[in-house]
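This report refers to the structure that appears directly beneath it.
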Amino acid sequence: MGGRGGSSGISNDKPVSKLMSKVYFNSAKKSDALRGSGSVKKDNNLEKIINSGNTAYFKSIKTKSEAVTTMNYITDRLNESTRKIAKLGSADAVFKNQKTAIKHRKLVSASTAMRDEMHKFSKLPEKGNTNIHDTSRTTTTYDRARKRRMSNFDSWFFGGEKK
């Protein structure tokens with residue numbers, strides 16, 4: 001690490017294929033990330049984790065606030081990378097700029113791993129409490145309208161008598 005001529009974590013990775021370059025570019029040009037602007041202040045510890053591709057750190061997160069902070073940082077970095085890829089202008093330009101493409105691939109995998117870890121911090125709704133939108137006990141507008149239409153049809157079809 002460091003020093004002259006040393007290899008960084010990015011240079012030792014497999015290059016991104018032409019197909020994946022096309023996928024990255026096409027998804028970048030359609031992304032909502034283009035609405036944002038600016039750059040993210042780099043967090044050296046998280047950057048090392050992202051560059052190494054080691055997702056074990058995400059499993060070691062114990063508090064919800066730390067998880068949210070980490071997820072927000074990774075999302076912001078991914079959006080920044082998406083804007084950078086969209087500015088390249090074509091899938092061929094993304095393929096030629098391997099450093100950016102590899103970094104984007106690592107951010108995508110870190111985002112996926114962190115998103116999976118975020119599930120352990122979400123609470124399942126309690127059964128029976130309608131304040132938390134337990135859909136098994138609520139009646140929707142669709143259900144009421146369907147019941148009304150069925151009743152109207154039955155009264156028309158059977159001539160007022162129900163079977």
Given (1) open to solvent by less than 50 Å² (accessible area, probe 1.4 Å); (2) modelled with pLDDT under 90; (3) among the polar types (S, T, N, Q), number of the condition Asn45 does not satisfy:
(1)
Out of the residues in the range 1-42 that are open to solvent by 70 Å² or more (accessible area, probe 1.4 Å), in a helix (DSSP H, G or I) and at pLDDT below 80, state the one that is farthest from His104 (Cα to Cα).
Arg35
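Quick grid of which residues meet (1) of a type in the set (A, V, I, L, M); (2) at pLDDT below 90; (3) on the phi > 0 side of the Ramachandran plot:
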residue: Ala91; (1), (2), (3): yes, no, no
residue: Val94; (1), (2), (3): yes, no, no
residue: Lys99; (1), (2), (3): no, no, no
residue: Lys103; (1), (2), (3): no, no, no
residue: Asp116; (1), (2), (3): no, yes, no
residue: Lys120; (1), (2), (3): no, yes, no
residue: Lys123; (1), (2), (3): no, yes, no
Of the listed residues (Leu107, Leu78), the one being within 21 Å of Lys29 (Cβ to Cβ), in a helix (DSSP H, G or I) and open to solvent by 30 Å² or more (accessible area, probe 1.4 Å) is Leu78
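The values are calculated or read from the model by the stated rules, or taken from the named source; none is laboratory data. Note that the structure is predicted; figures quoted are calculated from it, not measured. Virtual Cβ from ideal backbone geometry, glycine too; neighbours counted across all protein chains shown. Note: accessible area is taken over every heavy atom of the protein model, side chains too, but ligands, DNA and RNA are not part of it. Shrake-Rupley method; radii C 1.70, N 1.55, O 1.52, S 1.80 Å.
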